[in-house]
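The values are calculated or read from the model by the stated rules, or taken from the named source; none is laboratory data. Source: prediction; values computed, not measured. For neighbour counting, all protein chains shown are included, and Cβ atoms are generated from backbone atoms with ideal geometry for every residue, glycine included.
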Amino acid sequence: MSPAERLLTLLFEAYNHRDFAVFSAGLHPQIDWPDQTRGGRLVGLEALEAYWARNDEIIRVEVTPIRFERLADDLIRVHVNQVVRNLAGGLWSDLEVLHDYSFRDGLVSRLDLIAASADDDL
């Protein structure tokens, strides 16, 4: 497992345990992240922390990496199982999705969500 894959695995674990301190330690200070609830992009740790806090008020998301693909030296695609539940634990969705993570200075600098096609072997 590469250092980037180890970092991503740690970030997935921290995310699932709702540990923003550990999660954010693996992110570049100018992280660029998609805002899945309002659209657009979030830039910086403060914006991402506020986004996380807002989402925690309405949903619980668990993400589990299935497979890593190195697309370039600074880009890894992760095939992810994403489970979304309401606060009472009711299932909203259980999907396999694609995340593209870019790196700078050994930290995650950007996340892009990739739409999976019917032909993708997830």
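Contact map, the stretch 64-77: first residue without any contact (Cβ under 8 Å) to a residue 12 or more places away in the chain, second residue part of a strand (DSSP E or B), Cβ cut-off under 8 Å, separation 6 or more or different chains; pairs are 69/76; 69/77; 69/78; 69/79.
Scanning the stretch 81-113 for residues that are among the hydrophobic types (A, V, I, L, M, F, W, C) and in contact with a Phe, Trp or Tyr (Cβ under 8 Å, 6 or more places away or on another chain), which turns out nearest to residue 28 (Cα to Cα)? Among residues in the stretch 81-113 that are among the hydrophobic types (A, V, I, L, M, F, W, C) and in contact with a Phe, Trp or Tyr (Cβ under 8 Å, 6 or more places away or on another chain), the one nearest to residue 28 (Cα to Cα) is 108.
Residue 91 meets the conditions (1) over 12 Å from the mean Cα position of the chain (by Cα); (2) surrounded by 11 or more Cβ atoms within 10 Å (Cβ to Cβ); (3) among the hydrophobic types (A, V, I, L, M, F, W, C); (4) modelled with pLDDT of 95 or more in every case but one. The failed one is (2).
Of the residues making up the stretch 48-62, those that are under 17 Å from residue 86 (Cβ atoms), of a type in the set (D, E, K, R) and more than 11 Å from the chain's Cα centre (by Cα) are 54, 56, 57, 60. Filtering the stretch 75-87 to residues that are exposed (fewer than 15 other Cβ atoms within 10 Å of the Cβ) and not polar (S, T, N, Q) leaves only 87. None of 103, 12 is modelled with pLDDT of 95 or more, within 26 Å of residue 2 (Cβ to Cβ) and not in a strand (DSSP E or B) except 12.
Restricting attention to the stretch 26-46, the residues that are in contact (Cβ under 8 Å) with a residue 12 or more places away in the chain, over 19 Å from residue 105 (Cα atoms) and either hydroxyl-bearing (Ser, Thr, Tyr) or not in a loop (DSSP other than H, G, I, E, B) (or both) add up to 2. Taken over the stretch 53-69, the residue count meeting the criterion of being aliphatic (A, V, I, L, M), surrounded by 13 or more Cβ atoms within 10 Å (Cβ to Cβ) and within 16 Å of residue 89 (Cβ to Cβ) is 2. Screening residue 20 against (1) farther than 23 Å from residue 1 by Cα; (2) more than 15 Å from the chain's Cα centre (by Cα) leaves a single unmet condition, (2).
The residue list 39, 44 contains one member that is on the phi > 0 side of the Ramachandran plot and exposed (fewer than 15 other Cβ atoms within 10 Å of the Cβ), which is 39. Anything in the stretch 47-83 that is part of a strand (DSSP E or B), under 20 Å from residue 14 (Cβ atoms), at pLDDT 95 or above and aliphatic (A, V, I, L, M)? List them, or say none. The answer is 63, 66, 76, 78, 80, 83.
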